[in-house]
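Structure, as structure tokens:
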Amino acid sequence: MPERPSARAALAVVTDDFTELPHPAGRSRPDGPLTWQGYDASRARAAERTGEEESVVCGTARVEGTPAVLIAFEFGFLGGSLGERTGDRLEAAYSHARAHGLPVVALIATGGSRMQEGMVALTQLQRVARQSALTREAGLPQLAVVRDPTTGGGWATLGAGADVILALPGAQVGFAGSRVRPADADPAAYTAEAQVAAGAADAVVAPQELRPVLGRWLRMLTAPSTAPAPPPRPLGETGLPASGWEAVLRARAPRRPRARSYLDAYFTERVAISGDRCGGTDEGMLCGFGVHEGRTVAYAAQTGAATRPAGYRTAARLIRLADRLGIPVLTLVDTPGAANDAEAERQGAGAAIADVFGAVASARTPVTTLVIGEGGSGGALALAAPGSTWATPDSYFSVIAPELAAAILKRPPGEVESTAAQLRVRPQDLADLGVARTSEQLFPGTGDRHS
């Protein structure tokens, strides 16, 4: 096995100007709080081997121009374990970040809590959680880079508790370390790649790409703005639909512009978050942050598929993060509706949709919505901002799909089109009802039929 990079080597990958913070005065007790025989000797050997006095190195630096507090774990020092003095350093680092309004970046490589300090070591996780919560309340972003290995309490606090989680390829990542897992456990489940697939981390990033990727994230997450995100310009049809059924057919057209086209046209650069942190991902919901006309804007965009519970939970996570950081949000609505299969129900579809409704309703940051295709019932409405929703000429919004409405009303198939008209689903109908505004109201000339 290749030698693991040291804490300072990990820091050198992402910055050139690291300045270490002063070490807080540690408590001196022979062989630690448990008087564990030989513990002081173990620490002395670890210090001699690594050149460090503890398992973390904390300081300040600029990452691609953005100042931040950095925390790097030294795995060579007793397995990067957390002890009482580790907690002292972490608390001091977080306190410095809050005092100076800086984001926190943790470069993690740890086996968990230090056995030689027993419960005193384990309670350091509570200290870390408290510091993380205070930093979250201060509106400062927290990013984690999980290295090999990241297990135990280090993963369950600094790692999994971060706003954005990046992972190095092949890193061992999981709550259970390699020596305490069930004998028949699949080792592939405890990897960075598996954690991303399960929605527990955002992306796997190669070491040579880490600095620019981390710099991009920091630059975007530290740029608050109070102005709403302007709606994107429509990319498809220009004239408004003449009938409700025409609106439905346009929205369902295979060649109609979808979310990725809108995001590509709207943002000069963007980074994506992935996963609901509850074991799921959904390719039908794209979430992240981008730069539009020099400003950071968060986005949650449906791709035209039925949205699954994991997609809604990821969107709620995105909206709450943007709200906490003071970043405006853009949502793109495009779904025939929420996934309604049995598996979606088992995954908590109702609660996931409710979570998005709650996130939008409670957001203090401005939320802007553009309906770019199908607006199918509550599964679409959850993402829509009251009073700030726009609709493109090739979209519709409805309480229910016209076919389902006709079926519920026991109407023959031949009355589906007239049912669509009765439902008043066209963009201009939505404007008349006060539910949304047509894109031509923002971009004159994009629509010319109103009947």
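Whose amide H sits under 5 Å from the amide H of Gly275, counting only residues 5 or more places off or on another chain, with H placed in the peptide plane?
Under 5 Å from the amide H of Gly275 lie the amide H atoms of Asp282, each far enough along the sequence or on another chain.
May I ask you to evaluate 6.51 cos²θ - 1.76 cosθ + 1.60, the Karplus curve with θ = phi - 60°, for each residue of region 324-334 and list the ³J(HN,Hα) values in order in whole Hz, giving x for glycine and proline?
3J(HN,Hα) across region 324-334, in whole Hz: 5, 8, x, 10, x, 10, 10, 10, 10, 9, 6.
Report the relative contact order of the chain, percent, no decimals, based on alpha-carbon pairs under 8 angstrom and at least 6 residues apart. Please list the in-between numbers first.
Numbers: 1019 pairs, mean separation 51.1, N = 451.
With pairs under 8 Å counted, the relative contact order is 11 percent.
Just to compare against my own numbers: the Cα pair-distance distribution for region 297-350, 5 Å bins, whole % per bin, please.
Spelled out bin by bin, region 297-350 gives 5, 20, 25, 21, 15, 9, 3, 0 percent.
Starting from 0 in steps of 5 Å, tell me what percent of the Cα-Cα pairs of region 379-425 lands in each bin.
Over region 379-425, the share of Cα pairs per 5 Å bin runs 5, 20, 25, 21, 14, 11, 5, 1 percent.
Within the chain, what whole-number % of the accessible surface is contributed by carbon and sulfur, with the 1.4 Å probe and all protein chains included in the calculation? Display every interim value, and only then the final one.
Details: 10370 of 18880 Å².
Summing carbon and sulfur atoms, their accessible area is 55 percent of the total for the chain.
Using bins 10 angstrom wide from zero, how does P(r) for region 293-451 break down, in % of all Cα pairs?
Going from the shortest bin to the longest, the percentages are 11, 37, 35, 15, 3, 0.
Determine the relative contact order of region 129-216: mean sequence separation of Cα pairs under 8 Å and six or more apart, normalised by residue count, in whole percent. Spell out each step's value before the answer.
Values: 122 pairs, mean separation 23.0, N = 88.
Relative CO of region 129-216 lands at 26 percent.
Percent antiparallel among DSSP beta bridges with both residues in the chain, to the nearest 5?
Numbers: 24 of 62 bridges.
Once the DSSP bridges in the chain are tallied, antiparallel ones form about 40 percent.
At most 13 other C-beta atoms within 10 Å and a DSSP loop state: those are the exposed GluC sites (Glu not before Pro) I care about. Give me the longest piece of the chain that has none.
Values: sites that count: Glu3, Glu283, Glu293.
Formally, the longest exposed-site-free interval is 4-282.
Could you please state, rounded to a whole Å, how far the C-alpha centre of region 215-230 is from the C-alpha centre of region 356-379?
Region 215-230 and region 356-379 have Cα centres spaced 20 Å from each other.
Can you work out D for region 226-287 in µm² s⁻¹ from Stokes-Einstein, where Rh is the Kirkwood radius over C-alpha pairs, the temperature is 25 °C and the viscosity is 0.890 mPa s? Numbers along the way, then the final one.
Working: Rh = 14.6 Å.
D = 168 µm²/s.
Please compute the volume of the convex hull spanned by the alpha-carbon atoms of the chain and report it per residue in Å³. Present the calculation step by step, with values, prior to reporting the outcome.
Working: hull volume 68.0 nm³, N = 451.
Measuring per residue, one finds 151 Å³ for the Cα hull of the chain.
For a label point 7 Å from the Cα of Ala354 along Cα→C-beta, name the residues of region 270-289 whose backbone N is under 20 Å from it.
Answer for this model: 276-280.
Over region 6-52, with a single point scatterer placed on each C-alpha, what log10 of the ratio I(q)/I(0) does the Debye formula yield at q = 0.18, 0.27, 0.30 1/Å?
Normalising to I(0) and taking log10 leaves -0.76, -1.03, -1.09.
By accessible area of protein heavy atoms, probe 1.4 Å, what ranking do His23, His100 get, highest first? List each step's numbers first, then the result.
On the way: His23 90, His100 110 Å².
Sorted descending by solvent-accessible area, the residues read His100, His23.
Work out the FRET efficiency for Glu283 and Trp36 from their Cβ-Cβ distance, taking R0 = 60 Å, and round it to the nearest 0.05.
With a Förster radius of 60 Å, E is 0.75.
Tell me, what is the per residue accessible area of the chain in Å², probe radius 1.4 Å? Don't jump to the answer; show the numbers that get you there.
Working: 18880 Å² over 451 residues.
That works out to 42 Å² per residue.
Which of Gly326, Val196, Ala259 sits farthest toward the positive end of the charge dipole of the chain, with +1 on the Cβ of Lys and Arg and -1 on the Cβ of Asp and Glu?
Selected residue: Gly326.
Can you list the trypsin sites (Lys or Arg not before Pro) in region 334-435 that are in a DSSP coil and have 10 or fewer other beta carbons within 10 angstrom? It would help to have the intermediate numbers written out before the result.
Values: sites: Arg346, Arg364, Lys410, Arg424; in loops: Arg364, Lys410, Arg424.
For trypsin sites (Lys or Arg not before Pro) across region 334-435 that sit outside H, G, I, E and B with at most 10 neighbouring Cβ atoms in 10 Å, the list reads Arg364, Lys410.
When Lys and Arg each count +1 and Asp and Glu each count -1, what net charge do the other residues less than 12 Å away from Arg364, Cβ to Cβ, add up to?
Numbers: positive: Arg320, Arg324; negative: Asp323.
Its environment carries a net charge of +1.
Between Rg and the Kirkwood Rh of region 60-152, both from Cα atoms, what is the Rg to Rh ratio?
Working: Rg = 13.1 Å, Rh = 13.5 Å.
Taking Rg over the Kirkwood Rh, I get 0.97.
Give me the extension gain from Thr238 to Ala176: residue separation times 0.36 nm, minus the current Cα-Cα distance, reported in nm with one decimal. It would help to have the intermediate numbers written out before the result.
Numbers: separation 62, 0.36 × 62 = 22.32 nm, distance 5.54 nm.
16.8 nm is the gain from fully extending Thr238 to Ala176.
The values are calculated or read from the model by the stated rules, or taken from the named source; none is laboratory data. The model shown is predicted, which means the values in this text are computed figures rather than measured ones. As a convention, Cβ positions derive from the backbone with ideal geometry for all residues, glycine included, and neighbour counts pool all protein chains shown. Quick note on the areas: whole protein, heavy atoms, side chains included, nothing else; ligands and nucleic acids left out. Shrake-Rupley method; radii C 1.70, N 1.55, O 1.52, S 1.80 Å.
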